[in-house]
Amino acid sequence: MWEFSIGVDSENVKVCKFLYKSLKKFVEEAGGVITSYDEAGRAYVVIACEDMERPRLEYYVKAYITEAICSYFKSDFISQNLTMPSKAFSTAFKSALLNFDKETDRYIIGKALTLEKNLLLESFFNFKLQSLKAKWTELVKIVGDNAVYLLNEETLIELLRFLVDNLEILQDSVNIVEEDGEPKLLDENFKEIVLESEEARGENWLLGAIISLSPRKINVYGVEGKEINLIERIYDDRLNLLSSTKFLEKFVDTKSK
């Protein structure tokens, strides 16, 4: 029997919830058991399975621990160490920095990550991932050193374009439609994309959401406005402006398949 526990400080309970929710399906498919609990100021996820299922589950455990560090830990690191150059673009800018060079982040974590009996994520991050912290520190420093230039909107948009052009493509397309006078995000199968937190609904939230989704192309169906113009400036020929009639045609065609 293989048993493994992941512990996080209580202020990072969101990471614990993410790991539990992400791994539950794979553990149960392997005939294993997964549970989570709080104890002495920490939150834990504990996994147990037969030894023969260990290699398969280790793959998923490593993948989601890596994703948790790349997403939650990096997000907190950026928030704590960088004053955003523009409040209006803070969500979009943070999304771009969070996803920038993510492949290298994953590689660094993967090299250092081994699964023995237990893992305390904050200790692992602080003591085993010094090179990753140094990489993020350098990124924040470069932005901070040039903050005065980024107060200019045109310069900031150019930087966003550069960052976006260098992000890993995560999906083929996203669709933007209008519902009750508000833009709504749909995936390539025209199903609603649910954002993780309501704070993403701040100024330029749509741009920030698209940057985090990192699509190959963006289809905009009959939606207009300042933020759509901004997205077009940043994504250029990756954005398609289409009529709302086209959306109905595509939606019906997708549902009929």
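The values are calculated or read from the model by the stated rules, or taken from the named source; none is laboratory data. Predicted, not measured: the structure shown is a model, and the values here were computed from it. Cβ coordinates were reconstructed from backbone atoms using ideal geometry, including for glycine residues, and neighbour counts include every protein chain displayed. These area figures cover heavy atoms from the full protein model, side chains too; ligands, DNA and RNA do not enter into them. Shrake-Rupley method; radii C 1.70, N 1.55, O 1.52, S 1.80 Å.
Observations
- Crossing angle, helix 54-68 versus the chain [Cα axis fit, 0-90 degrees, rounded to tens]: 50
- Rg/Rg_ref, the range 1-53, where Rg_ref = 2.2 N^0.38 Å and atoms are Cα: 1.13
- Using a probe of 1.4 angstrom and keeping all protein chains present, the accessible surface of the range 1-61 works out to 56 square angstrom per residue.
- Take the Cα of Ser75, step 7 Å toward its Cβ, do the same at Lys184, and the gap between the two points is 2.4 nm.
- Helix axis angle, 130-145 relative to the chain longest principal axis, alpha carbon, degrees: 30
- Shape call, the chain: gyration tensor on alpha carbons, a/c limit 1.5: oblate
- Amide H partners (placed H, <5 Å) of Gln171, local residues excluded: Arg216
- Label-to-label distance, nm, for residues given as Ser173 and Asn229 (7 Å Cα→Cβ offset): 2.6
- Efficiency of FRET between Ile193 and Asp51 - r from beta-carbon atoms, R0 35 angstrom, step 0.05: 0.35
- For the range 86-114 versus the range 19-62, the gap between their alpha-carbon centres in whole angstrom: 25
- Between Lys24 and Ser5, the modelled labels are 2.1 nm apart [label points 7 Å from Cα along Cα→Cβ].
- Carbon/sulfur fraction of accessible area - the chain, other protein chains in place, 1.4 Å, %: 49
- Compared with the direct C-alpha span, the chain from Ala40 to Thr155 gains 36.6 nm at full extension, assuming 0.36 nm per residue.
- Per-residue [θ]222 nm for the chain (sum of -39500 (n - 2.57) over DSSP H runs n ≥ 4, rounded to 500): -15000 deg cm²/dmol
- Cα gyration tensor shape for the range 41-188, rounded if a/c is under 1.5, else prolate or oblate: oblate
- Crossing angle, helix 244-256 versus the chain [Cα axis fit, 0-90 degrees, rounded to tens]: 40
- Global form of the range 36-101, assessed from the alpha-carbon gyration tensor, a/c cut-off 1.5: oblate
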